[in-house]
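**Q** Structure incoming, see below.
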Amino acid sequence: MIDIIQTYWRAFLYSDGYTMTGVAMTLWLLVASLAIGFCIALPLAIARNSRNPAIWGPVWVYVFIFTGTPLYVQLLIIYTGVYSLSIVQHTHFLNEFFRKGIDCTILAFGLNTGAYTTAIFAGAIRDTNFGEVEAARAIGMSVVTLYRRIIIPGALRRALPVYSNEVILMLHSTTLAFTATVPDILKIANDANSATYESFSAFGVAALLYLCISFTLIFMFRRAERHFLAFLRP
Amino acid sequence: MFNLAGYGGPILAGTLTTIELSILTLAVSFLLGLLGASAKLSKSRIAQAVATVYTTIIRGVPDLVLMLLIFYSLQIWLNDLTDAFNLIQFNLDPFTAGVITLGFIYGAYFTETFRGAFMAVPRGQMEAARSLGMRPLLGFRRILFPQMMRYALPGLANNWQVILKATALVSIIGLSDVIKATQDAGKGTFRTFYFSIIAGVVYLVLTTASNAVLLMLTKRYAIGTRKAAL
């Protein structure tokens, strides 16, 4: 174990000398996909609660497809599947985008976590107390103000405990990036394993790193919950 | 309906492998979950500590990392074991390794589900069963388990969906499941996109069908409960 750490510690943490690798890459994947997912989820969660089937229908289909299939399949479709289409190979912009493993990975992860987050936020919006909405209408808030001041802040607070679970699951899902040749923690561990055949140490180091990241995230979310959900404390 | 270019057979076989793997994983993790929950709720400090370490570590480490860790290390440990006893080398196939690792991983999630469900059953139920002269195991089987399942089912349904989707990872350690079959078909026909979509459709059908089964189970275990009429 010691020699694997001595040889690979730099690659495990931030760089192999050429590109960003290891923990830095994993965190970048996590932050980028969560940001994309959040931006997708917020408008879609509002659309999901619309009374018009033409608006909530497509959102339902999106959530159904992306939560009903494994992320690995979605990554395969986007990474190897889309690139095999001739229209993608012959369009300059698309060719440039889908040729890179990291672009495909972040796109797949963002769409995937976007679907789960939509479901979480939509549930939280649905649970808004009718009294809050009626009170806001009674003092003459417009629909936009109602969403901006009342519904969305309340829904995001209520969604926080479930959303923190989704973030941890997303951290676990970033390991799939190594199948698209993205040098995250698991890719480094896999390289170390192929070079040394010390499987337990190589993957053990990766497991410890992921454990540390998980605990840090859980700790941060606990703090956030204590701050944002302070009014719920007994 | 679909033009599978002669790859229908392997894809069907792969789908069956995926289903078998999910069901066996469910069985293993279900049992581990019951054991883990009993350990967490037992009076023994050691059992509690072991179960807590188990669930904390497993739930903090990604399943793919654990799978590669266990898959590669298990074979090495087995080789050491067979060498030590002068036995013939025993090769672990990806299917068995997949069931063992996935079962071990999701056992931790089931432990948490069952722990919450056991705590939701009123303490008096088991006390009443014991006072009627039921032995602990009989009381567990007749009284505690059926009531516990009612609370555990939503969590179980969720875990099952996660297991079903996690079996996709086993193709990474070389199992010929539905993903491997569709990827081979895609490479053979140069239609990767089309066959990857087929893999997605297979999973979508499986998750939707199991949703229907789980809904039926929820109704079965809700017999005798009353809901407020709104």
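**Q** Is there any pair with a first residue in the stretch A:139-158 that is within 14 Å of A:Phe121 (Cα to Cα) and a second that is part of a loop (DSSP other than H, G, I, E, B) and open to solvent by 50 Å² or more (accessible area, probe 1.4 Å) whose Cβ atoms are under 7 Å apart and which are 6 or more apart or on different chains, and what are they?
**A** A:Arg158/A:Asp127
**Q** Pick from B:Ile88, B:Ile76: which is open to solvent by 40 Å² or more (accessible area, probe 1.4 Å), out of contact with any Pro (no Cβ under 7 Å at 6 or more places or on another chain) and within 12 Å of chain A (Cβ to nearest Cβ)?
**A** B:Ile76
**Q** Scan the stretch A:91-110 and tell me whether some residue there is small (Gly, Ala, Ser), at pLDDT 90 or above and either more than 27 Å from B:Thr189 (Cβ to Cβ) or open to solvent by 20 Å² or more (accessible area, probe 1.4 Å) (or both).
**A** yes
**Q** Can you find even one residue in the stretch A:14-21 that is open to solvent by less than 70 Å² (accessible area, probe 1.4 Å), in contact (Cβ under 8 Å) with a residue 40 or more places away in the chain, within 20 Å of A:Asn193 (Cα to Cα) and within 19 Å of the chain's Cα centre (by Cα)?
**A** Yes, the stretch A:14-21 has at least one match.
**Q** What number of residues within the stretch A:203-225 are more than 23 Å from the chain's Cα centre (by Cα) and more than 9 Å from chain B (Cβ to nearest Cβ)?
**A** 1
**Q** Give me the residue from the stretch A:203-223 that is aromatic (Phe, Trp, Tyr) and surrounded by 17 or more Cβ atoms within 10 Å (Cβ to Cβ) and, out of that set, nearest to B:Ile57 (Cα to Cα).
**A** Restricting to residues being aromatic (Phe, Trp, Tyr) and surrounded by 17 or more Cβ atoms within 10 Å (Cβ to Cβ), the top hit is A:Tyr210.
**Q** Go through (1) under 20 Å from the mean Cα position of the chain (by Cα); (2) farther than 26 Å from B:Thr17 by Cβ; (3) part of a loop (DSSP other than H, G, I, E, B) and name the single condition B:Arg150 misses.
**A** Among (1) under 20 Å from the mean Cα position of the chain (by Cα); (2) farther than 26 Å from B:Thr17 by Cβ; (3) part of a loop (DSSP other than H, G, I, E, B), the lone unmet condition for B:Arg150 is (3).
**Q** I'd like to check something: does the stretch A:161-168 contain any residue that is away from every other protein chain (no Cβ under 14 Å), within 16 Å of the chain's Cα centre (by Cα) and under 30 Å from A:Arg223 (Cα atoms)?
**A** Among the residues of the stretch A:161-168, at least one is away from every other protein chain (no Cβ under 14 Å), within 16 Å of the chain's Cα centre (by Cα) and under 30 Å from A:Arg223 (Cα atoms), which makes the answer yes.
**Q** How about the stretch A:17-123: which helices (runs of 4 or more DSSP H) wholly inside it have at least 2 residues that are over 15 Å from A:Thr175 (Cβ atoms) and charged (D, E, K, R)?
**A** The helices (runs of 4 or more DSSP H) meeting that bar are A:92-99.
**Q** Pull up the stretch A:187-202, narrow it to residues that are facing another protein chain (nearest Cβ under 10 Å) and farther than 12 Å from A:Tyr8 by Cα, then point me to the one that is most open to solvent (accessible area, probe 1.4 Å).
**A** Going through the qualifying residues, I end up with A:Tyr197.
**Q** Additional query: Listed residues B:Leu132, B:Leu175, B:Leu156, B:Leu138; which is surrounded by fewer than 19 Cβ atoms within 10 Å (Cβ to Cβ), more than 10 Å from chain A (Cβ to nearest Cβ) and under 28 Å from the mean Cα position of the chain (by Cα)?
**A** B:Leu138
**Q** Let me ask you something else. Looking only at the stretch B:30-70, filter to residues that are in a loop (DSSP other than H, G, I, E, B) and more than 14 Å from chain A (Cβ to nearest Cβ); which one of those is surrounded by the fewest Cβ atoms within 10 Å (Cβ to Cβ)?
**A** B:Lys43
**Q** Could you say which residue among B:Thr189, B:Thr208 is within 8 Å of another protein chain (Cβ to nearest Cβ) and surrounded by fewer than 16 Cβ atoms within 10 Å (Cβ to Cβ)?
**A** Only one candidate qualifies: B:Thr208.
The values are calculated or read from the model by the stated rules, or taken from the named source; none is laboratory data. Predicted, not measured: the structure shown is a model, and the values here were computed from it. Cβ: placed from backbone, ideal geometry, glycine included. Neighbour counts: every protein chain shown. With ligands, DNA and RNA removed, areas are computed over all heavy atoms of the protein, side chains included. Shrake-Rupley method; radii C 1.70, N 1.55, O 1.52, S 1.80 Å.
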